[in-house]
Amino acid sequence: MDIAVTRLAGKETEDAARCLAFGHHCYAVAPLRAEIRQDLVASFVGAVEMNQYDCIFFSSALPAQIIAPRLSRWPRVVAIGPQTAKTLRHFGIDCEILPRYYSSHFVPYLGEWIQGKRIGIPRADVPNPDLIGAIRKAGGIPEEVRVYSLIPTGEELDLARAEAVLFTSAMSFEQAIWKNRTGLIVMAIGESTASAMRRAGVVPEVTGDGSLDGTLRAFNARLAEGSGRAGIS
């Protein structure tokens, strides 16, 4: 099938090859673009170099791509998922991966170790009060640095040839301009995205585990078992 995958404008990754491995063709559609805050990037990198953090949590691949090549040293590093980890490892930074690819699993993953530790979180200019609150409640000291902004492109998603659309974040769905239609299979990369979709009255037919591969695996399983919906066999 042809699957439209929401990605930041100009930040397409290896989606096409990864989708092909699952028997599908993917192409990127961009509801958002990134605007990098170079001053905050430099400030965060400086803090890491000065050993001000006990741990860095990369909650997406983009901040990893921005920051990793600038580091000469680092503390404990945790990646939210395999693609973020792949980006970090490409630049020689070994890291741990959360067993489930959601920021809500960061604090449980660190356990008691987090007490008294300074946690650096380079991320988008999108609030995540649940993560910050959980770190503080567990005795950690979060320092969130919003190194880039997410700006809506204002362009309607090109879904003309898509048989399915995969929303890769809650914000990519919330800011997307698109038209649903009969036969279009709507998917969410994970439960957070699915929740945002349901709040807007859109029920995803497939919900992944927070990763592209996991979503495609769930998609293929749904296709194999059949759902009786037009366009799925």
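Quick one: Cα centre-to-centre distance for the stretch 159-207 and the stretch 138-152, in angstrom?
So the separation of the two Cα centres works out to 25 Å.
In degrees, nearest 10, range 0 to 90: what is the angle between the Cα axis of helix 212-225 and the longest Cα principal axis of the chain?
30
Per residue and in Å³, how big is the convex hull formed by the alpha-carbon atoms of the stretch 106-233?
Spread over its residues, the Cα hull of the stretch 106-233 gives 128 Å³ apiece.
Using the Karplus curve 6.51 cos²θ - 1.76 cosθ + 1.60 with θ = phi - 60°, what ³J(HN,Hα) values do you get for each residue of the stretch 51-63, in whole Hz, with x for Gly and Pro?
Values per residue, Gly and Pro as x: 6, 8, 10, 8, 7, 10, 10, 9, 8, 6, 6, 4, x Hz.
So what is the accessible area of the stretch 59-168 per residue, in Å², with the probe set to 1.4 Å? Write down the numbers at each step before the final one.
Numbers: 5190 Å² over 110 residues.
Result: 47 Å² per residue.
Using the Karplus curve 6.51 cos²θ - 1.76 cosθ + 1.60 with θ = phi - 60°, work out ³J(HN,Hα) for each residue of the stretch 75-86 in order, rounded to whole Hz, and write x for Gly and Pro.
x, 4, 10, 10, 9, 5, x, x, 5, 5, 5, 4
In whole Hz, what ³J(HN,Hα) sequence does the stretch 155-165 give by Karplus (6.51, -1.76, 1.60; θ = phi - 60°), x for Gly and Pro?
9, 5, 5, 7, 10, 4, 9, 7, 9, 8, 10
Could you work out how far apart the two model spin labels at E191 and R89 are, taking each label as a point 7 Å from the Cα in the direction of the beta carbon, and quote it in nm?
2.6
So what are the chain's ellipsoid semi-axes, whole angstrom, largest first, if each one is the square root of 5 times an eigenvalue of the alpha-carbon gyration tensor?
The equivalent ellipsoid of the chain has semi-axes of 33, 18, 16 Å.
Roughly how many percent of the accessible protein surface of the stretch 32-79 is carbon and sulfur, given a 1.4 Å probe and a whole-percent answer?
Roughly 47 percent of what the probe reaches on the stretch 32-79 is carbon or sulfur.
Ignoring any ligand, DNA or RNA, what whole percent of the accessible area of the stretch 97-196 comes from carbon and sulfur when the probe is 1.4 angstrom? Please report the intermediate quantities before stating the final value.
On the way: 2270 of 4760 Å².
So the carbon and sulfur contribution to the accessible surface is 48 percent.
The values are calculated or read from the model by the stated rules, or taken from the named source; none is laboratory data. Values in this document were obtained by computation on a predicted structure and should not be read as measured data. Heads up, the Cβs are rebuilt from the backbone with ideal geometry, glycines too, and the neighbour counts pull from every protein chain shown. For accessibility, only protein heavy atoms count, side chains too; no ligands or nucleic acids. Shrake-Rupley method; radii C 1.70, N 1.55, O 1.52, S 1.80 Å.
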